[in-house]
1. Restricting the stretch 59-104 to residues that are more than 16 Å from ligand 1 (Cβ to nearest atom) and within 28 Å of residue 153 (Cα to Cα), which is surrounded by the fewest Cβ atoms within 10 Å (Cβ to Cβ)?
2. When you scan the stretch 152-163, do you find a residue that is on the phi > 0 side of the Ramachandran plot and within 14 Å of ligand 1 (Cβ to nearest atom), even just one?
3. Here is a list: 142, 153, 158. Which entry is away from ligand 2 (no atom under 15 Å from the Cβ) and at pLDDT 95 or above?
4. Has the stretch 21-30 got at least one residue that is in contact with a Phe, Trp or Tyr (Cβ under 9 Å, 6 or more places away or on another chain) and more than 15 Å from ligand 1 (Cβ to nearest atom)?
5. Of (1) without any contact (Cβ under 8 Å) to a residue 40 or more places away in the chain; (2) closer than 21 Å to residue 259 by Cβ, residue 117 satisfies all except one. Which?
6. Which one is nearest to residue 7 (Cα to Cα) among residues in the stretch 305-320 that are out of contact with any Leu (no Cβ under 9 Å at 6 or more places or on another chain) and either within 16 Å of ligand 1 (Cβ to nearest atom) or part of a loop (DSSP other than H, G, I, E, B) (or both)?
7. Assess whether residue 168 counts as being crowded, with 18+ Cβ neighbours inside 10 Å and touching a Ser or Thr at 6+ places or on another chain (Cβ under 6 Å).
8. Among the residues of the stretch 271-287 satisfying the criterion of being more than 12 Å from ligand 1 (Cβ to nearest atom) and part of a loop (DSSP other than H, G, I, E, B), which is farthest from residue 140 (Cα to Cα)?
Amino acid sequence: MITLGIESSCDDTSIALVEDGWRVRASLISSQIEVHRRFGGVVPEVAARKHYEAILPVLREALGTAGLGLGDLGQIACTVGPGLLGPLLVGLSTAKGLALALELPFIPVHHLEAHLAAAFLAREQEPAYPYVGLIVSGGHATLVLATGPRQFTTLGRTADDAPGELLDKIARHLGLGYPGGPVIQKTGAGGDPARYPLPRPLAGRGYGFSFSGLKTAVLHVVRDEGDRLVLPDLCASLQAAVRDTLCGKLEAALVETGVRRAVVAGGVAANAVLRAGLDELAGRRAIDLLIPPIALCTDNAAMVAAQGFHTASLSGPDPWRANACADWAMGDPFPVL
Ligand code: KG4
Ligand code: ZN
């Protein structure tokens, strides 16, 4: 069974062909980073137009890479939310059009659930439950308890900024460029994480996150230090604060639920400082920790195809009625027209 995955929820146009939910035959990404860089963030209308230009060429290239034709496809899975509406509609229209023309099943996929599925795809393993999931990206910091396919209890989410958003905003303020996460990681390598004491927001207080106070604290350091500012030390201190905050909440959730498996995914899970902190936590608590390799942490369509494969047989509303939705809660039925 070949599943075609389509992802266009933000600024990456991605197409993947995945065999039986495990074997990635092709996974291609056309990134718009250069287009959005001069704005310091993603401009939704521009992103939608760029998806429209890229999506069919990327599809053709993916089929070529995999050595497959349209006739080999078995089903089509596409991210329908959450994300930017214009960009989502490009992927959704392409997916529905192809599925209609080829008379194939169409499977609407939740973007954050797909991020979690990436961890199991990477291990070539059927998703296993229960697990505590942490999704950290440019738009989300969400902690969930997963008990079955599309069965999630949300433990906490961010009240304001997402961690990737925090890193992107700080990097822009410091003139380091976009996206912020990778450049802050690079700048902070070898820096002293203890030089600038930064807050660990809401530490020990439930599962909710808040990153806007941390952002303000960093801006105050920049203002107060002026020419004395040691950039690598600030970047190292910031990453340590993000690591401690995320690891602290994840550890509390694991201890309180008694669950011994954790999945961490999303673009910020590519961060080396965070990954080292998570490894330390997993070792100390004897937790089975699944984090996708970096290419499967940031947005990609292989995770969408995998999630589509694992949820294709679940009952729910008629998939043809699926609509793009900016805000779709994990585990809820997909939004309909
Ligand atoms: O999951 P993703 O590709 O897109 C969203 O769904 O948001 O995540 C993008 C976010 C950006 O904010 C980017 O700065 C961050 O992930 N990111 C990183 C790293 N690579 C990407 N953050 C920290 N360290 C990284 N190495
Ligand atoms: Zn994402």
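The values are calculated or read from the model by the stated rules, or taken from the named source; none is laboratory data. These numbers come from a predicted model, not from an experiment. When we count neighbours, we look across all protein chains shown, and the Cβ atoms used for this are built from the backbone with ideal geometry, even at glycine.
1. Looking at residues that are more than 16 Å from ligand 1 (Cβ to nearest atom) and within 28 Å of residue 153 (Cα to Cα), I get 89.
2. No, every residue in the stretch 152-163 fails to be on the phi > 0 side of the Ramachandran plot and within 14 Å of ligand 1 (Cβ to nearest atom).
3. 153
4. So the first thing to find is which residues in the stretch 21-30 are in contact with a Phe, Trp or Tyr (Cβ under 9 Å, 6 or more places away or on another chain), and the list is 21-22.
Next cut, more than 15 Å from ligand 1 (Cβ to nearest atom) only: 21-22.
Looking through the stretch 21-30, at least one residue is in contact with a Phe, Trp or Tyr (Cβ under 9 Å, 6 or more places away or on another chain) and more than 15 Å from ligand 1 (Cβ to nearest atom).
5. For residue 117, the exception is condition (1).
6. Here the residue is 312.
7. Values: crowded, with 18+ Cβ neighbours inside 10 Å: yes; touching a Ser or Thr at 6+ places or on another chain (Cβ under 6 Å): no.
The answer is no for residue 168.
8. Of everything passing the filter in the stretch 271-287, 286 is farthest from residue 140 (Cα to Cα).
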